[in-house]
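*Asks:* Shown below is the structure under consideration.
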Amino acid sequence: MHSSEPVAQYGPESSIDVFYTEPGSGREKELVWAGDGVQIWLQLLLHIHRLKEYPTLILDEPEVFLHADLQRRLVRLIDSLGIQVVLATHSSEVLAEADSKSIVWIDKSKRNAIRAPRREGLETLSTSLGTAFNLGMAKALRAKGIVFVEGKDLRTLRMLAKNLGYTNIVADMELAVVPINGYSNWSSAEAFGWLVKDFLKGSVGSIIILDRDYRTQSQVDSVTGKLREAGIECHVWSKKELESYLISPTAIARISGCPLVEVERVMGEIMNSMQGDIFARVNFERQSVERSGKNHEVNITAAALADFTPRWSKVEYRQSVCPPKEIMSQLNRHLQSNGYKGVSFDALAKRINQDEIPAEMLQVLHKINTLAS
């Protein structure tokens, strides 16, 4: 929506009138007759803009009268301010969108608050009170583009998009995001693809983004083929998961202050220590696909090892299959114990340079941005 400049009238019947227009309509409407949700939303935007230079902003239950989608957008807005925000809320939608590390539970019957509740507790509350999946599906029916993602992947994608100037992803105006809890739940997107194709006549573009983990190419091809038949484009990362694309030694060295040669050396040592575990996982997936009465597991293991060994000799392959969170956890212990700054994936997403991001990631971001244009 677009609001016009306030019109002030002076005299015995003095007033201040504000008019606005909505997308698809050129007719101005008077804000005083808009719904409570619209008025509250605009008031919040006004006060946030007015106070954005202050070090701390306090909001008391701002979700009152706001649609669930606007509640989530509000969380993303205040998260982008770069200041301390204290927000009191009863909303499960705000809870689902906020970083779990920033949540403090307060119960008036208890003397102490609880900080950073366990993830399973958050998931239980989200399931029982407000279903992020159903919210995303509802928004998807009126969006230009739909993105199905695993877990919190879109938070990282939004940070990268802001860093690279992909405004449609950041604005989130015409883009619906539907979370799926894990690779195995891709069938939820398949069912929605039928709805888009048969009910909406293909008017909504969609893409599902999945982690590869250690799945074989045949497993990936099977899923992408079924989703393609349902009318949904599927992208399975060629690396283990989204965070694998942020493991850039040059970016880590720049943010931490640690010399590049030391970062590369320590990362190499960390990844080399994972070789046995990584092969076990690769072999397990291959066994699950290829084992049969005619193909013994010993033969499969031998073939897997013959394929794995030359690949492992290349640093690019090691970076693509080693778990990125474990790499960063061990690397940060080294950095901090030697006086350097620790590095988070959020910091990498915000500060990584475009030439440090693999082409595959840039292509996916461009594709998502185009969906909402």
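*Asks:* Any residue at all in region 121-131 that's modelled with pLDDT of 75 or more and either assigned by the TED database to the domain that holds Ala161 or in contact with a strand residue (DSSP E or B) (Cβ under 6 Å, 6 or more places away or on another chain) (or both)?
*Replies:* No, that holds for no residue.
*Asks:* Looking at (1) surrounded by 14 or more Cβ atoms within 10 Å (Cβ to Cβ); (2) closer than 24 Å to Trp237 by Cα, which is the only condition Glu360 fails?
*Replies:* (1)
*Asks:* Okay, next question. Evaluate the following for Glu316: is it more than 22 Å from Pro358 (Cβ to Cβ), assigned to a helix (DSSP H, G or I), of a type in the set (Asp, Glu) and not assigned by the TED database to the domain that holds Asp211?
*Replies:* no
*Asks:* Another question, if that's okay. Just checking, how many residues over region 74-98 are farther than 15 Å from Pro62 by Cα and either surrounded by 19 or more Cβ atoms within 10 Å (Cβ to Cβ) or in contact (Cβ under 8 Å) with a residue 40 or more places away in the chain (or both)?
*Replies:* Residues that pass the stated criteria total 2.
*Asks:* Going through region 157-176 one residue at a time, which ones are part of a helix (DSSP H, G or I) and either more than 12 Å from the chain's Cα centre (by Cα) or among the β-branched types (Val, Ile, Thr) (or both)?
*Replies:* If we filter region 157-176 for residues that are part of a helix (DSSP H, G or I), which is where we start, we get 157-164, 167-171.
Of everything in region 157-176, those that are part of a helix (DSSP H, G or I) and either more than 12 Å from the chain's Cα centre (by Cα) or among the β-branched types (Val, Ile, Thr) (or both) turn out to be Lys162, Asn163, Leu164, Thr167, Asn168, Ile169, Val170, Ala171.
*Asks:* Which condition from (1) part of a helix (DSSP H, G or I); (2) out of contact with any Gly (no Cβ under 7 Å at 6 or more places or on another chain); (3) surrounded by fewer than 19 Cβ atoms within 10 Å (Cβ to Cβ) is the one that Gly293 breaks?
*Replies:* (1)
*Asks:* Please tell me if Val282 is assigned to a helix (DSSP H, G or I), in contact (Cβ under 8 Å) with a residue 24 or more places away in the chain and over 27 Å from the mean Cα position of the chain (by Cα).
*Replies:* No: the conditions fail for Val282.
*Asks:* Which one of Ala304, Ala251 is within 22 Å of Leu362 (Cβ to Cβ), assigned by the TED database to the domain that holds His334 and surrounded by 15 or more Cβ atoms within 10 Å (Cβ to Cβ)?
*Replies:* Ala251
*Asks:* With the requirement that a residue be of a type in the set (A, V, I, L, M), in a helix (DSSP H, G or I) and either surrounded by 15 or more Cβ atoms within 10 Å (Cβ to Cβ) or at pLDDT below 90 (or both), what does region 47-71 give you?
*Replies:* Once the filter is applied, which keeps residues that are of a type in the set (A, V, I, L, M), in a helix (DSSP H, G or I) and either surrounded by 15 or more Cβ atoms within 10 Å (Cβ to Cβ) or at pLDDT below 90 (or both), region 47-71 yields Ile48, Ala68, Leu70.
*Asks:* May I ask you to list the residues in region 225-254 that are part of a helix (DSSP H, G or I), over 20 Å from Cys322 (Cβ atoms) and of a type in the set (A, V, I, L, M, F, W, C)?
*Replies:* Leu227
*Asks:* Could you say whether any residue in region 268-275 is part of a strand (DSSP E or B) and crowded, with 18+ Cβ neighbours inside 10 Å?
*Replies:* Filtering region 268-275 for residues part of a strand (DSSP E or B) gives none.
There is no residue in region 268-275 that is part of a strand (DSSP E or B) and crowded, with 18+ Cβ neighbours inside 10 Å.
*Asks:* Checking Trp41 against (1) over 24 Å from Arg158 (Cα atoms); (2) of a type in the set (A, V, I, L, M, F, W, C); (3) surrounded by 11 or more Cβ atoms within 10 Å (Cβ to Cβ), only one condition comes out false. Which one?
*Replies:* Failing condition for Trp41: (1).
*Asks:* Look through region 285-313, keep the residues that are closer than 25 Å to Ala359 by Cα and not charged (D, E, K, R), and return whichever of them is farthest from the chain's Cα centre (by Cα).
*Replies:* Pro310
*Asks:* Now for a separate question. For region 217-250, which positions are of a type in the set (S, T, N, Q) and either free of Cβ contacts under 8 Å to residues at least 40 places away in the same chain or more than 25 Å from Gly268 (Cα to Cα) (or both)?
*Replies:* Correct list: Gln217, Ser218, Gln219, Ser222, Thr224.
*Asks:* Sticking with this one: Given Gly268, Gly257, Gly276, Gly225, which one is in the same structural domain as Leu160 (by the TED database) and out of contact with any His (no Cβ under 6 Å at 6 or more places or on another chain)? It would help to see each step written out before you state the result.
*Replies:* On the way: Gly268 fails: in the same structural domain as Leu160 (by the TED database); Gly257 fails: in the same structural domain as Leu160 (by the TED database); Gly276 fails: in the same structural domain as Leu160 (by the TED database).
Within the list Gly268, Gly257, Gly276, Gly225, the selection yields Gly225.
*Asks:* Related question: Does Thr309 fit the bill of being exposed (fewer than 12 other Cβ atoms within 10 Å of the Cβ) and among the hydroxyl-bearing types (Ser, Thr, Tyr)?
*Replies:* Answer is yes for this residue.
*Asks:* Also: The conditions are (1) of a type outside the set (Lys, Arg); (2) more than 23 Å from Glu174 (Cβ to Cβ); (3) more than 28 Å from the chain's Cα centre (by Cα); (4) not in a loop (DSSP other than H, G, I, E, B), and Tyr20 fails exactly one of them. Which is it?
*Replies:* (2)
The values are calculated or read from the model by the stated rules, or taken from the named source; none is laboratory data. Just so you know, these numbers come straight off a predicted model, no measurement behind them. As a convention, Cβ positions derive from the backbone with ideal geometry for all residues, glycine included, and neighbour counts pool all protein chains shown.
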